[in-house]
Each structure stands twice: as structure tokens, then as C-alpha cells.
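*Asks:* The structure that follows is given in the form of C-alpha cells.
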Amino acid sequence: MSTPITYQQCDACDHVWYFARSFCPKCGTRDPITTPASGSGIVHAVTIVDRAPTPDMKVLAPYTLVMIDADEGFRLMAHGEPGLAIDDRVKGAIVERTNRPIPFFKRA
């Protein structure tokens, strides 16, 4: 089962970012707003991982890692389906891979 990707936004300066924090990394305002993202975006970069960093990830190798420019204005690193290329439109969500939640994108 997949879960929506969430991001945070500052109520004071409108800055958006992906990694959850208790304050805005741009202006320092506390208590940002957490919002579900649409999951849509564009591939910014792609790489193929042949040597997994951990034994549990070895079962997935080789696998695709992508940098995604989300429609909401933040960038995130995620897993992706094989064959993704720069500028592809994608749709993603948080899925469970190797017993942990990981953002995963497919061609839209």
C-alpha cells in the first residue's frame, strides 16, 4: 500500500521543503505546515545503483535512483522504475521496500 509524499511550507515566507523540520530553513519561523503532495513532478537526474549500500538493499540491485522536481516546488531523491530519463513526467508515493518507507516514482 502506498502513502502520499508530504512536504512542509512556511506560513511566514512561503518557502517549501521536503525533509521534516520544526522550523523553516529559510527564515527560521517555527511550526511549519505539513501538507500531502500531489506526487507529480519531473525527473531532474537519474543514476543506476549496482552496489547496494546495505545487505537488505542488495536484493533490489541494480535499482534506479532519481532526483525529482515536485510540482509543489521542492526537490527530493527517490527510487524510480527502470528506464526513467531526465525530463520525464512522473507520479510517486511512499511505498514499502525492504521493510522501510521509500519514495518511489513511475512514468506518469
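*Asks:* Restricting to region 10-31, name every residue that is closer than 25 Å to Arg100 by Cα and open to solvent by less than 70 Å² (accessible area, probe 1.4 Å).
*Replies:* Val16, Trp17, Tyr18, Ser22
*Asks:* Still on this model: Within region 32-53, restricting attention to residues that are free of Cβ contacts under 8 Å to residues at least 24 places away in the same chain and in a loop (DSSP other than H, G, I, E, B), which residue is most open to solvent (accessible area, probe 1.4 Å)?
*Replies:* Arg51
*Asks:* Across region 54-108, which residue is most open to solvent (accessible area, probe 1.4 Å) among those that are in a loop (DSSP other than H, G, I, E, B) and among the polar types (S, T, N, Q)?
*Replies:* Asn99
The values are calculated or read from the model by the stated rules, or taken from the named source; none is laboratory data. Source: prediction; values computed, not measured. Reconstructed Cβ throughout: ideal geometry from the backbone, glycine too, with neighbour counts over all protein chains shown. For the accessible areas, the whole protein counts, side chains as well, though only heavy atoms, and no ligand, DNA or RNA atoms are used. Shrake-Rupley method; radii C 1.70, N 1.55, O 1.52, S 1.80 Å.
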